[in-house]
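Have a look at the structure below, then the notes.
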Amino acid sequence: MAGTSNQKIDLRNLGFRECFRVTIEGDAGEPARVVRDGRDLWHIVSERGEFVAALSGKFRRQAKARGDQPAVGDWVLAETKGDDDRALIHRVLPRQTAIARKVPGDTVETQVVAANVDIVFIVNALDGGRNFNLRRIERYLALVRESGAAPVLVLNKCDLCADPESSAAELRALAPTVPVLITSAISGRGITDLRELLESGATCALLGPSGVGKSAIVNQLLGEEVKETGEVRARDRRGRHTTTYRELLRLACGALVIDTPGLREIQLWGGEENLADVFPDVTEIAQQCRFADCRHEKEPACAVRLAVAEGRLPARRLDNFLQLRGELEELAERRQRHLQRVERRHRRVLQRGVDKDDAPRKRDWE
Ligand code: GDP
Ligand code: ZN
């Protein structure tokens, strides 16, 4: 039980900063960090261990916007009850940084997917495929800069590239003030450089398209054997030697890694409307397709394919369009599956109280 142990967790091990202290003086509750975010329940760790927390009634009434809800990495003021492993969150402490995404289908509302992140590694891969894309990297940079965190550009899979330096030079030209690291999660090259950027108590996150090696890099940082990842499917985290439900991991160096599906493959484009923003040419020609819902694949009387055949639209442009649309659809599906998993889990927790899996693991934070 969290409340019964005498030994306290040092909040600095969770990334606590003294500047948070002044914002909580005189208020009820104790500071705790959100280590897992759900729809209605949050896993938080305070000095006394891990708790499953809900929002207090007052908080719920006040926090109308989704951006006000706690996110992984947030510091909250929470009240725990006796020996129970449950807690109530009274409020979210002011965020130092916030990585936000637009809520799909809504043009104004944003959702914070991670808070108080100091460094974001924007991971791309030099595997000769589509994993090195300057326009996409620019979008990631914009997103990170907006969050307030410091971006670092990582070029992974350098073992598959004859000349990683020339790609690094392109990135330096694109963003002269941003550090660029060349890494291989397979050979281990550059992992030390990456680790050197991680001070004890700092919180980092990895962003980038699926398959570039984010899991493999985290595993390297966790000090795992490299061969493990090769066997783990890109989006299957079961192979990790770490608790799978928690989304804030602590490295041996004392730094913390926020790793959530919603963050790692954060949507750069809000949705269908934005696909149109990126491909106005394709979208305009598509208005002449016979079918309003034409996918420009095998449909008859497709104006887009006709435009390519007649040389009015570069074939490459259509390829890029189809690729991005595919990525967006895959992301939407994955997010849906993730939400379903989270919901199933929460239903279980609500039904059976705090189950064994959710029991506090204080030792992880000591
Ligand atoms: P994620 O989706 O970004 O988390 O990517 P993963 O970490 O799951 O990696 C995707 C695939 O790329 C896996 O098969 C990894 O073994 C492989 N991979 C990751 N990093 C490297 C690397 O530096 N070099 C090579 N050759 N393969 C890598
Ligand atoms: Zn068409």
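Okay, here's what the table says:
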read-out	value
GluC sites (Glu not before Pro) within segment 281-319, DSSP loop, no more than 15 other Cβ atoms inside 10 Å	297, 310
Prolate/oblate/rounded call for segment 141-209, Cα gyration tensor, a/c under 1.5 rounded	oblate
Percent RCO, i.e. relative contact order, over segment 149-212, from Cα pairs under 8 Å lying at least 6 residues apart	32
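No lab work stands behind these numbers, since they all come straight from the coordinates. Note that this is a predicted model, so its numbers are computed, not measured. Positions of Cβ are generated from backbone atoms using ideal geometry, with glycine treated the same way; all protein chains shown enter the neighbour counts.
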